[in-house]
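Q: Encoded as structure tokens, here's the structure I'll be asking about.
We did not get these values from a lab; they are worked out from the coordinates using the rules stated. Bear in mind that the values here come from a model prediction, so they are computed numbers and not experimental data. All Cβ positions, glycine included, derive from the backbone under ideal geometry; neighbour counts span all protein chains shown.
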Amino acid sequence: MCKNHPETGTRKRCHYCRAYICPECTRSFLDRPFCSTRCLLRSVLQEASVFWTTPSATKARSKKSGSLAGRATRWLFPLVTLSLFLMIWLSLRELAHEVAAWKQSSPRAPAPALQDSVQDRSQIQWTQPQQARINENRITIVGEAADNISLSLLVNHELRAVTISKDGRFAFENVAVKAGDNEVVVRGLDEHGHVSLLEKIITITGRPVAEITAGDFSRGPSDRKCIALTFDGGSGNGSAEAILNQLADKKITCTFFLTGAFMKRYPDLVRRIVADGHEVGNHTWSHPRLTTVARNRRQETLAEMTREKLQQELKRTADYFTQLTGREMAHYWRAPFGEHNREIRAWAEEIGYTHIGWTVTNDQSLDARDWIADKNHQGYQTSEKILSRLLSFGRDSDTAGHGGIILMHLDSQRKDDPVHPILPALIDSLRGRGYEWVTISRMRDISPL
């Protein structure tokens, strides 16, 4: 009868311990049956030991057999050792899948020597305040077990760590768990190769609050006289060199939102932006349309725009920036054409990107509209009028201009009357009023939660 399943008859025995085992319990290696991984490894070790514990009589015979046999023996030891390590690695991989298999079927054998310590599948539920969320949590698991028990930790079915109990104790320290649902499993492997569940914990956190995590940051603190100048770089470099020279002369740093296409076309310009100390955010790779606003004036997500497409646009741009500059791109993004909604912002938020807009208050906007080149367009303004409009923003209130975010572009289709020459006057005038020029990161640092 099988040692694990007494109701099952069998004539097969474990090659190492000689115990009877049925086909369900059999683990084969080199056409030899074993009852457990432990017996398999012990058998391999036993046979490999021949090569470093050869009796003296055998050594004497090996000398007479010639150098060829001696060389063959010397090669067998490293080959067997390599096979041993390979078997250990394969065994660890196999153990990572055993818990999943354990869940699918109830054990037929009596409880093994290493007993399950979990009877009820308890759940820990955490509530979430409305103005915060958990991005990451770390836990430490400490337990007791007989010495030399192999223990493994799985988080969300992924093998995270393996350890051996010592002095009756074991520990898994500083284990990261994500926001949302987590299944944490600790299981042990006894000397007979039986896997037993020792602990199972399910942590549940609420979904991030959409208003907080998928917001549009378009204004800084209202109690600080700070203002951010931002530039979008889509396809052309237009006035970029002149703008960088002006910013350097005035000794201010800004935040640039660049597309992947822009960086690929003007790599030296991107390196200069970084070298001059400016911050670089994400403007997607190809500057795609995201919503139906051009069709029906509504910010409804385009049918062809998906979570995967948007996230790929952002990831590809960030990866290329790092490859080009050796720096990490700031985790801010600005939607092309100003097309975004809560759903789109949430998709970006899932991979760590906060949307940055520009300030609009009481029908006043800090969008320079320097991208409008058609003089017959109702939104067209001369550079002089643009300067006057930006400087008059918030004049009706002592704090209306505080925390403002200005939007300008590195390129424009305007054939004459370019807008970038107004920058020195804009910078000096607002400085004269006591405003501090800051990057988006700095503005968010000093903004209340």
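Q: Each residue of the stretch 240-254 in order: what ³J(HN,Hα) in whole Hz does its phi give by Karplus 6.51 cos²θ - 1.76 cosθ + 1.60, θ = phi - 60°, with x for Gly and Pro?
A: For the stretch 240-254, the Karplus curve yields 4, 4, 5, 5, 4, 5, 5, 5, 5, 5, 8, 6, 10, 10, 10 Hz.
Q: Taking a ≥ b ≥ c as the square roots of the eigenvalues of the Cα gyration tensor of the stretch 341-417, is the shape rounded (a/c under 1.5), prolate (a/b larger than b/c) or oblate?
A: Values: a/c = 2.56, a/b = 1.32, b/c = 1.94.
In terms of gyration-tensor shape, oblate.
Q: Mind jotting down the distance between the C-alpha centroids of the stretch 400-426 and the stretch 328-397, whole Å?
A: Here the answer is 11 Å between Cα centres.
Q: Simple spin-label model, 7 Å along Cα-to-Cβ: residue 303 to residue 385 in nm?
A: 4.0
Q: Using per-residue counts of other Cβ atoms within 10 Å, averaged over each peptide, order 418-427, 371-380, 340-349, 256-265 from highest down.
A: Ranked from most to least packed, the peptides come out as 256-265, 340-349, 418-427, 371-380.
Q: Work out from phi, with θ = phi - 60° and the Karplus expression 6.51 cos²θ - 1.76 cosθ + 1.60, the ³J(HN,Hα) of each residue of the stretch 268-278, listed in order in whole Hz, and give x for Gly and Pro.
A: Listing the rounded values in order: 5, 5, 5, 4, 5, 4, 5, 4, 7, x, 7 Hz.
Q: State which entries of 309/415; 225/415; 166/200; 178/315; 250/415; 264/309 exceed 24 angstrom in Cα-Cα distance in the structure shown.
A: 309/415; 225/415; 250/415
Q: Hey, what do the phi angles of the stretch 385-400 turn into as Karplus ³J(HN,Hα) couplings, whole Hz, using 6.51/-1.76/1.60 and θ = phi - 60°, x for Gly and Pro?
A: Result, rounded to whole Hz: 5, 4, 4, 4, 5, 5, 6, 8, 4, x, 5, 7, 8, 5, 10, 4.
Q: Sort 309-321, 291-303 by the packing proxy (mean of other Cβ within 10 Å over each peptide's residues), most packed first.
A: Values: 309-321: 19.2, 291-303: 13.3.
Those peptides, ordered most packed to least, come out 309-321, 291-303.
Q: Now for a separate question. What is the sum of charges, Lys and Arg at +1 and Asp and Glu at -1, for the other residues whose Cβ falls under 12 Å from the Cβ of residue 334?
A: Surrounding charge for residue 334 is -3.
Q: Around residue 40, with a cut-off of 10 angstrom between Cβ atoms, what is the net charge of the other residues, counting Lys and Arg +1 and Asp and Glu -1?
A: Neighbourhood net charge equals +4.
Q: Moving on. What are the radius of gyration and Dmax of the stretch 215-445, computed over its Cα atoms and given in Å?
A: Cα radius of gyration and Dmax of the stretch 215-445 are 17.0, 48 Å respectively.
Q: Here is a follow-up. May I ask you to derive the relative contact order of the stretch 215-445, considering only C-alpha pairs under 8 Å and at least 6 residues apart, and to give it as an integer percent?
A: Relative contact order for the stretch 215-445 comes out at 34 percent.
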